Every structure is written in C-alpha cells, then in structure tokens.
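Following: one structure in structure tokens, then a few remarks.
The values are calculated or read from the model by the stated rules, or taken from the named source; none is laboratory data. Not measured: the values here are computed from a predicted model. All Cβ positions, even for glycine, are placed from backbone atoms using ideal geometry, and neighbour counts span all protein chains on display.
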Amino acid sequence: MTAVDIRRAIDAVWRIESARLVAGLARYLRDVGLAEEFAQDALVAALEQWPAEGIPRNPGAWLTTTAKRRAIDHLRRQERHARNLQEIGRDLDSGGGAVAPEASANLDGEDIQDDVLRLLFVACHPVLSADARVALTLRLLGGLTTEEIARAFLVSESTIAQRIVRAKRTLARAGVPFAIPAEAERAERLASVLGVIYLVFNEGYAATTGDDWMRPALCEDALRLGRMLAGLAPQDAEVHGLIALLEIQASRLRARTSATGEPVLLLDQDRARWDQLLIRRGLAALDRAESLAHPRGPYTLQAAIAACHARARTPADTDWVRIAALYQGLAVLTPSPVVELNRAVALGMAFGPDVGLELVDTLLTEKALAGYHLLPSVRGDLLRRLGRLAEARAEFQRAAALTENARERALLTRRAAECEPVPATESGPAAGSDRAAGSDRAAESGAEQRGETAAVQA
C-alpha cells in the first residue's frame, strides 16, 4: 500500500472507532477532554507506526490497546502522586489525603454501546450552547478533525478549536457526570441529542452560507450518528422517527444538483436518481417509530411528510392534502412560524395558491421570520402562480438579498428575472397557469429548515 492509501485507511478506521475509543476511556477517566487526548495520542502513534509496520489485522483493537496503556500510565502517575501527597500530609499532620484513582481500571468491563450513549449525552448536554454541542459531537462521535468541522461550517479553525475547548471546560466546571441521565431528565437530554443530529444534517442538506448548495459529508456524518443512536436506543420512537426523516431526505441528495452544481428543485428532480435503498430504510424506520408511540412525535411526523414525497412516483402523484394535514398536526404539537410557513406551502399545493397566500400573509409580522429569506421566497412563488408578477419579482429579489448562500442567491435572482412581464403578442400559456412550476419551488424552499421543527422537503 502507498503512504496515501495507508493514510486513507487510518482516516477510515478513525471515523469508525473514535467514538467507541473516547467513550471507553471517558468512562474511567471521568474526563472527556482527557479521554480525547489519549485517543488522539493513539491516532498519532498509528500515523507514525502503520506506514512503516503495516496496518494491523485489527486496527480498532490496536488503537484501543495503545490508548488504554497511556490512560493506565496516567492513572498510575496520579496514584503515585496521590500517595505522595498522603505521605506528606501525614508527615505534616494535616490529616486526610487525596483519593487515589483505580490504576488497574478495566477499560473493557462494560458494554461499549452504553459508553457511546453516555458520551453522546455528555457531548449534547444542555449546559453547552447549540454551536458547542454540534462541534463537540462531531469531534468526539463523528471523528472529524477541527479543520474538517471548520471547513464544513465555513468558520475559522481557531473558532472551532475555541468552541471545543470551552465546551470541555464548561462540562468540567459543571461537573457533568459521564452517565446516561436518570429517567426524570432523559427526555430533555435526548431531545438535545436529536436536535444536534438534526442541525448537522440540515446544514449539510441546505448550506446556510458559502458557494455550495449542499455539504453531503455533513449529511453522512449526521446519518451515521443517527443510525448509531437508533442502535443504542432501539425502543425510543422519536429516535427512529429522526433516522427515518434523515434516510428519506438523504435519498434525494444525488438529484438535488445538476452536473454543474446548480440547484434542482423537488418537482424538477429526476426521481430515478433517488436512492431506493435509503428510501426503503427510511420507510422501515418510520414503521418502527409509528409502532412504538401514538400519537406521533415531531420527528416522526416530519418523516411521514417526507415519506409522502418518497412514495410519489411522479410529482403529480404527491398527496399534498395528506402533507397539509400532517403539517397541521405538527403545528399543534410544536407550534412555530416556520412550521406554519411549511403548512402554507402544502396548502397552496393542495388547494390553490390563494389559500397558501392567505396563511403566508398572516406571518409577515412574525419577528421570528424577520430576515428569513424563505418567507419572501414562498410568498413570491404563490404570487407568481396567481399571475401577480410584479409583486412576485419584488419578493424574489428581497429573498435573494437575504440569503447568504451563493447558489441559492443565484436561483432566486433567476426566478425574479423569470417574473418579467411577457409581451401580449408572445404566444404561450398565461403567466398564472405556469404548470405549478412555481409551486414545486415553493414546496422546496418553504420546507428548508435551519434547525427549526419542520421538515426539509427539497
């Protein structure tokens, strides 16, 4: 194998093994930062030794053994130090001494799945900010480097490094135990875990800023974390609801851009390019979620909405009436202006643009949507379908000015240009009859989310 091949193999092994490695170390060290430090030491050792000695038969076990030895050495040093302090204390008649850690702690003694679940709950602890939870989760459980996380979110590497360092310090200061939370707080903590995975996926699916419409690598990381969580918490309906949503949404990734990277919206996508394996997996996860809980939770409802699109062989087959009803259920369960915006899109598709516009217009004064580019985007689409082209053009221009994503800005600018009045002598259909082409764009744009409780339908 070449040096490049070995480096790729090490990267792949690290992505697979890092979460389990850090989790196993953290269980005994009781310090997430220290656990990651020893895991990183093992990675450095692999980078130094494997190119010369070859990749071990069991790379994961090699990393675990290397990290474990260093952790045990650390514990023994602490133990010796504690003994010395005790002896000094006795000599000085100061009484009492430090409690020595267990140097011979068995790092293999418990179910590794429990360790990973503990680590996931720690990394997503509510004491941390949302940004810190995302960065720490991607670092500890996604196996991403600081550089990779920074590149994914288009911020500086130093910013991500500071977030991670501050997060570890916050956890240490707060005395967050390395444990699965008790029943009383588990629901809140699990909601935080699900929310972090959801945020990571959404940023990959519809990038907030930058030149790319999507960042598929982030979607893959979120899917991996979601699948891991589904395996760790097999009886939780919302865990399966989230993974169902992500699997179905991910099935469309290949169809969402053209060969040149331009956005391809929902009803214009080549459905033959949708990944049927991911759709089947998503539908199976949805069935599992619906069998575990009634009524359905917010992620399960969103997955049911995504399933309506996945089951439609053609755009015309989409059951928009059912989608509107599901959004109504979501609005009752988790009321938010963004959910209402999604519901307006579905109503416009199911019952006509005037119905959707009526709801959208009630959202114009919502402070939560001030500066939210999808509000004028959706409104512009509905106006376009009604033939009110001058108003639609102004809305698309406003949406283009608000978005920070270059691909999306180009799309919205192009849509504004398409709303230029058509000369009366030109043949073709009337402006308002536009084969609902504007509607499919609203259906996509209106359902894109940035971590809100509403489904991504692009």
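Considering only the range 350-458, give the helices (runs of 4 or more DSSP H) lying wholly within it that have at least 1 residues that are hydrophobic (A, V, I, L, M, F, W, C), at pLDDT 50 or above and over 23 Å from the mean Cα position of the chain (by Cα). Give the steps one after another, and end with the answer.
On the way: elements: 353-361, 374-385, 389-402, 406-418, 437-445.
Of the helices (runs of 4 or more DSSP H) lying wholly inside the range 350-458, those with at least 1 residues that are hydrophobic (A, V, I, L, M, F, W, C), at pLDDT 50 or above and over 23 Å from the mean Cα position of the chain (by Cα) span 353-361, 374-385, 389-402, 406-418.
Can you name the helices (runs of 4 or more DSSP H) wholly within the range 118-194 that have at least 1 residues being hydroxyl-bearing (Ser, Thr, Tyr) and in contact (Cβ under 8 Å) with a residue 60 or more places away in the chain? Don't jump to the end; show me each part of the working.
On the way: elements: 130-140, 146-153, 157-174.
Here the list reads 130-140.
Taking the residues in the range 23-74 that are in a helix (DSSP H, G or I) and acidic (Asp, Glu) as candidates, determine which candidate is nearest to residue 180 (Cα to Cα).
Step one: of the range 23-74, the residues in a helix (DSSP H, G or I) are 23-29, 32-53, 59-74.
Pick out the ones that are also acidic (Asp, Glu) and you get 36-37, 41, 48, 53, 73.
Values: 36: 19, 37: 22, 41: 27, 48: 36, 53: 39, 73: 27 Å.
This residue is 36.
Each row is one residue, and each column tells you yes or no for (1) more than 14 Å from the chain's Cα centre (by Cα); (2) under 28 Å from residue 290 (Cβ atoms); (3) in the same structural domain as residue 412 (by TED's automatic domain parsing); (4) modelled with pLDDT under 80.
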| residue | (1), (2), (3), (4) |
| --- | --- |
| 166 | yes, no, no, no |
| 169 | yes, no, no, no |
| 193 | no, yes, no, no |
| 198 | no, yes, no, no |
| 208 | no, no, no, yes |
| 214 | no, no, no, no |
| 229 | no, yes, no, no |
| 234 | yes, yes, no, no |
| 244 | no, yes, no, no |
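List the number of the failed condition for residue 303; all other conditions in (1) under 22 Å from the mean Cα position of the chain (by Cα); (2) modelled with pLDDT under 95 hold.
Condition not satisfied by residue 303: (2).
Counting just the residues of the range 125-155 that are more than 14 Å from the chain's Cα centre (by Cα) and at pLDDT 90 or above, which one comes out surrounded by the most Cβ atoms within 10 Å (Cβ to Cβ)?
Among those residues, the one meeting the criterion is 128.
Considering only the range 208-223, how many residues are over 17 Å from residue 286 (Cα atoms) and surrounded by 19 or more Cβ atoms within 10 Å (Cβ to Cβ)? Before the answer, list the steps.
Residues of the range 208-223 over 17 Å from residue 286 (Cα atoms): 208-222.
With the extra rule that they be surrounded by 19 or more Cβ atoms within 10 Å (Cβ to Cβ), the set shrinks to 213-215, 218-219, 221-222.
Matching residues across the range 208-223 total 7.
Take the residues of the range 156-192 that are touching a Leu at 6+ places or on another chain (Cβ under 8 Å) and of a type in the set (A, V, I, L, M): which is surrounded by the fewest Cβ atoms within 10 Å (Cβ to Cβ)? Spell out the reasoning first.
So in the range 156-192, the residues touching a Leu at 6+ places or on another chain (Cβ under 8 Å) come out as 163-164, 167-168, 170-171, 178, 180.
Of the ones still in play, those that are also of a type in the set (A, V, I, L, M) are 164, 167, 171, 180.
Details: 164: 20, 167: 27, 171: 22, 180: 18.
Of everything passing the filter in the range 156-192, 180 is surrounded by the fewest Cβ atoms within 10 Å (Cβ to Cβ).
Tell me which residues, restricted to the range 194-225, are closer than 16 Å to residue 151 by Cα and of a type in the set (Lys, Arg).
215
Would you call residue 273 more than 25 Å from residue 327 (Cβ to Cβ), surrounded by fewer than 22 Cβ atoms within 10 Å (Cβ to Cβ) and under 18 Å from the mean Cα position of the chain (by Cα)?
On the way: more than 25 Å from residue 327 (Cβ to Cβ): yes; surrounded by fewer than 22 Cβ atoms within 10 Å (Cβ to Cβ): yes; under 18 Å from the mean Cα position of the chain (by Cα): no.
No: the conditions fail for residue 273.
Only residues that are surrounded by 24 or more Cβ atoms within 10 Å (Cβ to Cβ) and within 15 Å of residue 397 (Cα to Cα): list them for the range 336-384, please.
374, 375, 376, 377, 378, 379, 380, 381, 382, 383, 384, listed by residue number.
In this structure, is residue 329 assigned to a helix (DSSP H, G or I) and surrounded by 20 or more Cβ atoms within 10 Å (Cβ to Cβ)? I'd like the intermediate steps shown before the answer.
Details: assigned to a helix (DSSP H, G or I): yes; surrounded by 20 or more Cβ atoms within 10 Å (Cβ to Cβ): no.
No.
With the structure loaded, tell me whether residue 290 is more than 20 Å from the chain's Cα centre (by Cα) and charged (D, E, K, R) or whether it fails that test. Spell out the reasoning first.
On the way: more than 20 Å from the chain's Cα centre (by Cα): yes; charged (D, E, K, R): yes.
Answer is yes for this residue.
Right, residue 107: closer than 30 Å to residue 226 by Cβ, outside any helix (DSSP H, G or I) and either at pLDDT below 80 or in contact with a His (Cβ under 9 Å, 6 or more places away or on another chain) (or both) or not? Reasoning before the result, please.
Details: closer than 30 Å to residue 226 by Cβ: yes; outside any helix (DSSP H, G or I): yes; either at pLDDT below 80 or in contact with a His (Cβ under 9 Å, 6 or more places away or on another chain) (or both): yes.
Yes: the conditions hold for residue 107.
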